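This report refers to the structure that appears directly beneath it.
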Amino acid sequence: MVIAWPEPVVRVQSLSNSGINSIPDCYVKPIHDRPSSLLASNQEAIDININIPVIDLANLYSDDLALRKATMDLISDACREWGFFQLINHGVSHDLMAAMRRVWRDFFHLPLDVKQEYANSPITYEGYGSRLGVEKGAKLDWSDYFFLHFLPLSLRDQTRWPSHPQSCRELVSEYNEEVLKLCGKLMKIFSLNLGLEEDYLENAFGGDQIGASLRVNFYPKCPQPDLTLGISPHSDPGGFTVLLPDDHVSGLQVRKHNAWLTVKPIPNAFIINLADQLQVVSNAKYKSVEHRVIVNSNEERVSLAFFYNPRGDIMIRPAKQLLTNNEPALYQPMTFNEYRTFIRLNGLHGKSQVNSLKSPQ
């Protein structure tokens, strides 16, 4: 087990605050991964005004049956065609969402020595961090973060959550509980839209033993935003992610038709993105899509990603009800823990990692 970082950890926020005019080489991405690069010749064909689907969850509880069905269909289409959608009227307090943004922005503006008390290690990644992976000499992302476990309860340790600002621990607990309720509702919707029993996906993920964690991302101002990324291209390995984006600054980009589309956050909306394990269970009917984060020279950004994941030791496989002679299983059974190990050992963390697991037909 690797218990220490291979190199001294440099806080990106400290680099940004130092007034540098050029970024260190370790943050400079290869030319093909830079924000300004084109992925394909049809980049220009993407409508710059297009956005990921926007869905009003309150419509699912309307007395109008046609409106309820139309909303279910919108969610189904978003899961199958985009892997992303924005969710409004989701039931989580807007005041709570705003308070979470504020308290974490305040945390990242605390003195460095206070934040260093929560410095993380590669053992669990829990705490205050500035890099992922333990490869020496790796290209790094222009971001700092705070990662914490929420479920299972055996991993939850609130003493490792920030005690400053004073309201942080209480807010994190309240926010996570509310988002967890939302995740339960979405899992039922995802199941029904696949033609499964409403509790199928929840049970397939481990029932009341599912995993959940929170990663708060801080993207400092960058003097050369055209050379680096806040987070490199990747798909999320787990079930799905509930993202609370910055309410003032865009940064998330989603890959669509071999081009990068910048998501325009809607006030008080969550961004939902499906992850690899839902693609597996749905036998690729649902899409886990690559995304990345760009940075800029004028504004810092804060976003909060709540990860909803299967229990680590439960076998994840395509649902039998979705398989036919014409549509056999595309993926071999594998636990979530085995999947993460497979990704790490094969250097697959990042682009289209789940597609490498497809069974030969």
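The values are calculated or read from the model by the stated rules, or taken from the named source; none is laboratory data. Being a predicted model, the structure only gives us computed values, none of them experimental. Cβ coordinates were reconstructed from backbone atoms using ideal geometry, including for glycine residues, and neighbour counts include every protein chain displayed. Ligands, DNA and RNA are stripped out before the accessible areas are found, and what is left, the full protein with its side chains, is counted by its heavy atoms. Shrake-Rupley method; radii C 1.70, N 1.55, O 1.52, S 1.80 Å.
Being touching a helix residue (DSSP H, G or I) at 6+ places or on another chain (Cβ under 9 Å), of a type in the set (S, T, N, Q), under 21 Å from VAL179 (Cβ atoms) and surrounded by fewer than 24 Cβ atoms within 10 Å (Cβ to Cβ) is a property that ASN268 has.
Only residues that are open to solvent by 30 Å² or more (accessible area, probe 1.4 Å) and touching a Pro at 6+ places or on another chain (Cβ under 9 Å) were counted across the stretch 149-170, and they come to 1. All of (1) under 24 Å from LEU180 (Cβ atoms); (2) open to solvent by 30 Å² or more (accessible area, probe 1.4 Å); (3) in a strand (DSSP E or B); (4) not charged (D, E, K, R) hold for SER232 with one exception: (1). Scanning the stretch 327-361 for residues that are modelled with pLDDT of 95 or more and over 16 Å from LEU278 (Cα atoms) gives GLU327, PRO328. When LYS221, LYS181 are screened for being open to solvent by 30 Å² or more (accessible area, probe 1.4 Å) and either touching a helix residue (DSSP H, G or I) at 6+ places or on another chain (Cβ under 9 Å) or assigned to a loop (DSSP other than H, G, I, E, B) (or both), only LYS221 passes.
On inspection, PHE307 fails the criterion of being open to solvent by less than 10 Å² (accessible area, probe 1.4 Å) and over 30 Å from GLY19 (Cα atoms).
Filtering the stretch 184-218 to residues that are assigned to a loop (DSSP other than H, G, I, E, B), touching a residue at least 24 places away in the same chain (Cβ under 8 Å) and within 19 Å of LYS69 (Cβ to Cβ) leaves LEU194, GLY195, LEU196. Restricting the search to helices (runs of 4 or more DSSP H) fully inside the stretch 52-148 and requiring at least 2 residues that are in contact (Cβ under 8 Å) with a residue 24 or more places away in the chain and open to solvent by 60 Å² or more (accessible area, probe 1.4 Å) gives 65-81, 94-108.
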